Amino acid sequence: MDPETLARIPTSPGVYIMKDKRGRVIYVGKAKDLRTRVRAYFRPSGDERAFVVEGHLARLIGDIDTVVVNNEKEALLLENNLIKEHQPRFNVKLVDDKNYIVLRIDRKKTFPRVEVGRRIADDGARYFGPYHSATSARETLRLINRHFQLRTCTDHVLANRVRPCILHQIKRCPAPCVLPIEPAAYGEQVEDVALFLGGKKDELLPRLRQRMKEAALEERYERAGQVRDQIYAVEKTLTQQTVVTTELADQDVLGLYRHDDVVEIVVLFMRQGKLIGRRAFQLRDQEVPDPDVLRDFIRGYYDLGTFIPDEVLLPFEIDDREVIAEWLADKIGHRVHVLVPQRGAKVKLMELADKNAQASAASRKGQGGDALAALEKLQQRLGLARMPRRIECYDIAHIQGVATVASMVVFVDGQPAPSEYRTFKVKTAANDDFASMYEVLSRRLRRARAALEGTEADPDTTRWAEPDLLVVDGGKGQLSTALAALRDVGWPTSGEHAFDVIALAKERTDTAGSDHPDRVFVKNAKDPLQLRPSTTELFLLARLRDEAHRFANQFHRKLRKKRTLRSALEDVPGVGPKRKRELLRHFGSLKKIKAASLEDIAKAPGMNRAAAEAIKRFFGETTP
């Protein structure tokens, strides 16, 4: 973007509108200072969002428009309207999935009823819910109609009916349509229903018990029996709700889980300390950071006519949290707290929401072509010759050259294939990572070549099938080592069995304090590729590398433990290799051998008293 154009952007609060070269809006954002915010997109390391990485932004952006407003709240409202109008590619977009159900009581009417709705309006009525399914809402209505006498007919029927309906005959409606019902008595039933829907058992039950007692004293036993049934229904229904916290405020708890560029957000509905339901949203192609995803989600979610609670709990800090709280307060008419819990019961609620988000994401796993789509993106971004259906990744593990090992992990169609994992003990230059990598790859490629040529002694030739992509953990040096191993083994560089080789360098901070993100080194390229953060291709490679690192360290620890056991017994005079193996097999660990009595050691397989005395004497001298 032209520096002069950037310099002309005002420093006022407002909204910026990014357009591509065809004039289509691709992103809308708000800022307290428009010039500072927009400049950040074109400054190296100025913005961590994926689509502003140097080079990618310049390719997309054709123009930027700005709109100046008076304050941040106005900017938020304008941003919201523009996003709904243009549906930009990089903004979070939510649509009403029509699964949101609330129950409504309009108390301005003389004889209110419980109505079902899908949107909450600023009309003075009381709303209850949300209900995650029509089934749960119908069950609640059934309980109300059975145990609380409120009308169910429409206003039109109420005004035009001339005789009571069957609900009055079965004692489920007082028939205010035709009978002289006292509005105050009917209002008591309305208040009971409101308390019931609000889950306020501690307020409702004392009211009902007092009413039952009064009816019994007045010898109105039929009425007392009706109230008794109400008490039983309330206790049974509200006790079944999961009590999670002692908070009496209505809360929405937002949990977030990310896998590649797919974000799962779950909203837990806490009403009067009880968990009454949840909603889950899956947001795809989210290449923006998690705080931006969450902020845009909140804006879109509560703009759908969703019930706004007293508190909204977030898993981490977001920009404009206070502005969003003011916006929600204006929508609902009372103060709304948007919080990021740091301690206490609310933190446990956040953990529960995050677990639900992860479980929801897991339940969707495997739906659609997510894995293949990730592989296609990886192939396109790295310019691979073929689809990387089989990827192998290698890592070296040791401590100052001791017990040097390597791991080979395999991903097939984007998923781990543990049965094809392999480990290697490095036999030559154990304290040289490059030489170790060269040795391991040479051994692996020679076996693979022998398998292809039919000279491999191992009948399971599939275990040495060539990969589509070979990944080594490291930088340019490790890539050169891998390519040298391919060349020296004589592996074909073209044709059916040729494959790509890359090196993946982990994110780091140098001594000068500069940040270096994950980089990919490819053949015949001077500079590494910097994959955009939060993209599916980077997550796939990072997951592959982390799995190779975990598997190598696991094998390394196993060897070190074994080496420690063996080396301790090797110094015992009179105990040879066979007796060492028998002792470890019999006792299970060196610690148990040291703790065993002389008689127990002498009775072990292959042992005698003289050898047992030598072991006890040795450990008595060398163990403090």
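Please give, to one decimal in nm, the separation of the simple spin-label points placed at residue 415 and residue 142, each 7 Å out from Cα toward the Cβ.
The modelled label-to-label distance comes out at 3.8 nm.
Take residue 322 and residue 598, extend 7 Å from each Cα along the Cα→Cβ direction, and tell me the distance between the two endpoints in nm.
Label-label distance for residue 322 and residue 598, simple model: 7.9 nm.
Rounded to whole Å, give me the distance from the Cα center of segment 391-410 to that of segment 203-233.
Computed from Cα coordinates, the inter-centre distance equals 74 Å.
So if we plug the beta-carbon distance of residue 93 and residue 558 into 1/(1 + (r/R0)^6) with R0 = 41 Å, what FRET efficiency do we get, rounded to 0.05? The partial results should precede the final answer.
Values: r = 49 Å, r/R0 = 1.20.
In this case the efficiency is close to 0.25.
Using the 10 angstrom Cβ neighbour count as an exposure proxy, how do 66, 428 rank, fewest first?
Working: 66 17, 428 10.
Exposure proxy ranking, most exposed first: 428, 66.
Can you run phi through the Karplus equation (6.51, -1.76, 1.60; θ = phi - 60°) for segment 75-90 and list ³J(HN,Hα) in whole Hz, with x for Gly and Pro?
Taking θ as phi minus 60°, the curve returns 5, 5, 5, 5, 4, 4, 5, 5, 5, 5, 6, 9, 6, x, 4, 9 Hz for segment 75-90.
Let me have the relative contact order for segment 251-364, percent, based on Cα pairs under 8 Å that are six or more residues apart.
On the way: 179 pairs, mean separation 38.3, N = 114.
In percent, rounded to a whole number, it is 34.
Among the lysines, which fall within straight-line cross-link reach of residue 213, defined as a Cα-Cα distance under 25 Å, with same-chain neighbours fewer than 8 residues apart omitted?
171, 200, 201, 236
Can you sort 535, 5 so the residue with the fewest Cβ neighbours within 10 Å comes first?
With the fewest neighbours first, 535, 5 line up as 5, 535.
Do the alpha carbons of any pairs in 274/346; 594/616; 32/84; 476/523; 578/603; 558/616 sit beyond 18 Å of each other, and which pairs? Write down the numbers at each step before the final one.
Values: 274/346 13 Å; 594/616 7 Å; 32/84 21 Å; 476/523 9 Å; 578/603 15 Å; 558/616 26 Å.
Exceeds cut-off: 32/84; 558/616.
I want to check the label-to-label distance for residue 116 and residue 496. Put each point 7 Å from Cα in the C-beta direction and report it in nm to one decimal.
Output for this residue pair reads 6.2 nm.
Counting other beta carbons within 10 Å of each residue's own, what order do 411, 128, 42 fall into, fewest first?
On the way: 411 26, 128 22, 42 18.
In order of increasing Cβ crowding within 10 Å: 42, 128, 411.
When Lys and Arg each count +1 and Asp and Glu each count -1, what net charge do the other residues less than 12 Å away from residue 323, Cβ to Cβ, add up to?
Details: positive: 30, 32, 73, 295, 299, 321; negative: 72, 74, 79, 319, 320, 322, 326, 330.
Once all neighbours under 12 Å are counted, the net charge is -2.
Read the figures in this text as sums done on the coordinates, not as results from a lab. The structure presented is a predicted model; accordingly, all values stated were derived computationally and were not measured. Note that we place each Cβ from the backbone using ideal geometry, even for glycine, and neighbour counts take in every protein chain shown.
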